[in-house]
Structures are given as C-alpha cells and as structure tokens.
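First up is the structure itself, then whatever we jot down about it.
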Amino acid sequence: MMQKARSITGHLRLYALALAFPILLMSIFIGWAYLHQEARRIDRVAEAQVAAVAADIESRLEGLRGALTVLSVSPSVVGGDVAEIRRHIKQIGMPDDFWFVLRDPGGQQLMNTKLPPDAALPKFASEGDDLIFEQGRTYYANLIWGPVGRTWITGIAIPVRSAPGGAGVTSSLSVIIPAAYFKQAFDRVPAGWIVAINDRNGAIIARSPSHDEWVGKPMSRTGWEVTKDVPPGAGGLWRDVYSLEGIRVQGAYHRMASTGWLIGVSALPEVYESPRRSILLIGGAAAMVSLLSAALLAGFMGRRITGAINALQVKAAAMREMRDMDVPRTSLQEVNAVGTIMRDTARVLRRREEQQATLIQELNHRVKNTLATVQSISRMTMKTSGGLSSFDEAFSARLMALSATHNLLTVSAWSGVDLKELLTVELKPFQSSRVSFSGPHVTLPSNVAIALGMVVHEMGTNAAKYGALKADEGEVRIEWSAERGVLRLEWREAGGAPVAPPARAGFGSRLIERTIRGELQGTIERTFDRSGLRAVLTIPMPA
C-alpha cells in the first residue's frame, strides 16, 4: 500500500505541533505548580496573620492582666479604700474608655470608675464568679452589652486576696474593655482579607471590615461548625467557609489558650482566585500564541526549505545546461522563552523569612533586657526594704516607672522617646506642677530612655521624701543641653529644707550611680547646698 505523500510544509507543521505539545504539557505543569504554590503561600499568609493578631491581643491582655495584678496586691485594693484605688488607677495611664469594677463575692459592686463616686452601684452575678472566688483564677469574659457604658464590652477579672499569697478571696477586680479597642489589632491587615475575633460562644468581639455593623452578632454558621469544638491553643486551616456577607472564603483560625477566644483570618475570592484567573488567562494566551506561532513558523520554514529545493532544482538544470548560477543561502532559527515566576516567588519568601527572623531576634533581645531590669529592681528592693509593705510600695512604684517608659516606647514603635515627655511622665506622681523644664528637643534611644527613666524616678522619689518636694514651697528645675553627642542634664532643687550628704547610700542612690556610670557610661556630680540638691548628669548619646 502506497503511503500518502505530504508536502514539506505539512511535515513541518506536524513536527512543530509535536514540539509544541510537550511545551504545552510543561506549561500546564508549571501552571499547576504555580497554583499549588500560591495556595500554600495564601495559607502561610493566613497563618502568619492569625499568629500576629493573636500575639498582639495576647500582649495587650497580658499587659492589662499585669496591671490588674499589681493593683490587686496594693494596700488600697486589699483594704477596700475606694478613693485611694481611684487615685492609683489614674496613675496607671489606661485608655480613657476603660473602667474598673470592684465586686464582693455576693456580686455587689464596691467601686465602678465609670460612675461618679457617690452613685448607687448595682449588684450582678458573672459566669466567671466560680472561677474567681472559688478557684482563685483569672477570668476572661465573653462579649456582653454594657448598660453603664452603653457599648459592647469584655473584660479581665482577677481575685483579690486578704493577704498576698493567701487562700481567701475577698473581692474581684476587673478592667472593662470596650470591644472597639481590639480594632487596633487590624491596622496591618492587608486588603482583601477579613479578620474577626470571636468569644467562646461565637459572638463577634471585633471584625475587619465593618466592625460596628457586626459586633455582638454570631459568627458565620459554617465557621462555627468548623471551630466550635477546637480546644484552646489549637487552630488550623478552613475551606468552604462562608463569610457573614455570604462570600466563600478560605484562611486560618486559632483559639487563644488564655481566653478561649477564636481568631479567624479569611481571604476573599479576589485574593485566592486571582492567581487562578491569571494563570488561566496567561496560559490560554500562551497556548494560542504557541500554536499559532508553530503553524506560522512551520509555514515560513516550509517555504524557505521549498525555495531552497527549488533553487537546487534550478541549479541542477543549470548544470545540465553547463551554466553557472549562484544559489541564495537559507537559514532557520528557533526561539524558546522561560518565565521567572517561581524564581521571583522564592526570592520574596526568603526575604520575608529573613525579616521575620530579624523581628524575632529583636523581640527576644528586648524581652531579655526588660526581664533583667525587673529582676535587678526586685532583688535590690528586697535587700533595702524594711518589710513586705515597704517592698510592695517601692517595687510597685519602680515597676510603674519602668512601665511608663515602655508605654512611651511602644507608642513610638521603639524608635525613641522625647526627653521632655519622658521627664513629664516619670515625675507626674511627684507633684509635677512644682517641676519646671527647660531645654531643646532631644530624642533618646530606647536603651537610654529606659535607664534614664529609672534614674529620674529615683531622683523624684528622693525629692519627695527628703528634698524640695517634701516642703510646700519647694520646687525642682531641670535644664538640659545636647552638644557633640553628649547630653548634659542639671537637676536643681530649691525652697526645701537644708540638705546634707546622706550617712549611707540607699538603693536609690546606688541605682542612680550604677545606671549613669555603668549602663550609660556617663558621669554624675551631686552638690548638697543649703538651698537644695544640685545634680549634673553627663551622658554620651549614641549615634
């Protein structure tokens, strides 16, 4: 049987299609790998967002719980001195929309800072009373409607014992937190993502977007079915979940170990379907272009080869006729292009991993420094205190001073603190109306701010106990200058009783000396004039 003859162009077209077919298969495989990689990337982004939001909320709640713990062991709270408790709370520097409640085991409110001091206080029972009064444990409340503040609220309640470390719980101290406070955790949520914080019953505490519309309402039914039995500290990924707007989403969730609240992060279709649409569009266009190019190239090369053969035929005819003829040369060129999508994706992921490692290292460094400072303050205060009561007062005051500096650094994202603002905050508990400041704007690095804040607190304490601020007419003037990388700060007291060098150096004096000379590599000169103490601090400022 004679095989059907085909032209050179026909053969080349079949050959081009045969070459294009593996390329198409490879493109499909690359597209599938790209989609799989994009799906994993979205999952990692969701998990990272959940971890970041959960860590932010845990940090905020732990800070509030720490402040409550410090308050709960203060003599004013243990003794039920409401006026003193209110004054102490004002010194903490809590947000204006927060308030505190003190209740006895029967549910009767003993104090509510949201109400005037002479207002009649209601009595109510909380679902966490057994945990607080019987087990003596901290309770994190679910979302409830607060009739006093007329807003959605949650809170933290801790037991107050008759004596530090005692077994008897005499009352509970709570900080009431408006639900809107948690919207701050959504500041860095990228576009196309939904983040929600739900309480243990599935009620929405905060949501991005449309917080005001959804707060207090149940989370989506599909999301609740997936997460209702998830234990605290566990989490995972979810698929085929629908948002409250009825949009199909996918993402990650985590139930916080401390509160039992559920953090959910969901990507909208515009995020997880965008790679699919892009690859289909690009892949379809690439397939059409590939097939059309193969066909056109086969036709072009077929004509070139056919022309070359025809030229050879002409040359053969010329040789037969003993004539010489130049035959034009022919050529063929193939071009292949390889994309760089996966290479670019790997670079981005590596860069993000390096950034995350840097952030974790910096966080560990700051936490270690803070813990070392607190440990040193605790050890030295215990050595110099005359008893548990004086230790509690001194240690609490120094912790508050350290906390005040940390609050300023937190606001500035640890980029630095203005010197005048640091002095104002640290001296606020010591009749700051009789303290005057004079000097140029100076931004202190974080390590200098923390150390100098403790020094200023100790000098203010000494002035209030022994110096100018102890007398009614006394005053303190603080002047500073900064030149050539050196900060010079002068502390001058006037109007108080005559002062003399102390017979022995207390903890405050040793802390000042060690901090200025040892930690800050500076100097301090103190002069005990009859008119009052004069101290000159010289501190080198790092570039």
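For this structure, a couple of remarks:
- Only one of 465, 470 that is assigned by TED's automatic domain parsing to the domain that holds residue 433, over 20 Å from residue 513 (Cβ atoms) and basic (Lys, Arg): 470
- The residues listed here are 517, 534; of these, the one that is of a type outside the set (Phe, Trp, Tyr) and either surrounded by 15 or more Cβ atoms within 10 Å (Cβ to Cβ) or part of a strand (DSSP E or B) (or both) is 534.
Residues checked against (1) under 23 Å from residue 162 (Cα atoms); (2) more than 31 Å from the chain's Cα centre (by Cα); (3) part of a loop (DSSP other than H, G, I, E, B):
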{"position": "90", "(1), (2), (3)": "no, no, no"}
{"position": "97", "(1), (2), (3)": "no, no, yes"}
{"position": "109", "(1), (2), (3)": "yes, yes, no"}
{"position": "115", "(1), (2), (3)": "no, yes, yes"}
{"position": "119", "(1), (2), (3)": "no, yes, yes"}
{"position": "127", "(1), (2), (3)": "yes, no, yes"}
{"position": "142", "(1), (2), (3)": "no, no, yes"}
{"position": "145", "(1), (2), (3)": "no, no, no"}
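- Qualifying residue in the range 430-440 (condition: over 24 Å from residue 471 (Cβ atoms), at pLDDT 75 or above and in a loop (DSSP other than H, G, I, E, B)): yes
- Counted residues, the range 473-517 - those being farther than 20 Å from residue 449 by Cβ, of a type outside the set (A, V, I, L, M, F, W, C) and either touching a Pro at 6+ places or on another chain (Cβ under 6 Å) or at pLDDT 80 or above (or both): 9
- Each residue in the range 209-247 was checked for being assigned to a strand (DSSP E or B) and surrounded by fewer than 19 Cβ atoms within 10 Å (Cβ to Cβ), and 6 of them qualify.
- No other residue among 490, 475 is of a type outside the set (Lys, Arg) and in contact with a helix residue (DSSP H, G or I) (Cβ under 6 Å, 6 or more places away or on another chain) apart from 475.
- Among the residues of the range 71-88, those identified as assigned to a helix (DSSP H, G or I) and either surrounded by fewer than 18 Cβ atoms within 10 Å (Cβ to Cβ) or free of Cβ contacts under 8 Å to residues at least 40 places away in the same chain (or both) are 75, 76, 79, 82, 83, 84, 85, 86, 87, 88.
- Here the condition is being farther than 25 Å from residue 218 by Cα and either in contact with a helix residue (DSSP H, G or I) (Cβ under 8 Å, 6 or more places away or on another chain) or aliphatic (A, V, I, L, M) (or both); of 137, 188, it holds for 137 alone.
- Qualifying residue in the range 497-508 (condition: in the same structural domain as residue 452 (by TED's automatic domain parsing), part of a helix (DSSP H, G or I) and surrounded by fewer than 16 Cβ atoms within 10 Å (Cβ to Cβ)): no
- Condition met for residue 65 (within 22 Å of residue 141 (Cα to Cα) and either part of a loop (DSSP other than H, G, I, E, B) or basic (Lys, Arg) (or both)): yes
- Just one of the numbered conditions (1) out of contact with any strand residue (DSSP E or B) (no Cβ under 7 Å at 6 or more places or on another chain); (2) of a type in the set (A, V, I, L, M); (3) in a loop (DSSP other than H, G, I, E, B) is not true of residue 180: (3).
- Residues that are over 20 Å from residue 76 (Cα atoms) and hydroxyl-bearing (Ser, Thr, Tyr), drawn from the range 139-183: 139, 140, 151, 154, 181
- Looking only at the range 522-539, and only at residues there that are within 14 Å of residue 468 (Cβ to Cβ) and of a type in the set (A, V, I, L, M, F, W, C), the one that is modelled with the lowest pLDDT: 528
The values are calculated or read from the model by the stated rules, or taken from the named source; none is laboratory data. No experiment lies behind these values; they were computed from the predicted model shown. Reconstructed Cβ throughout: ideal geometry from the backbone, glycine too, with neighbour counts over all protein chains shown.
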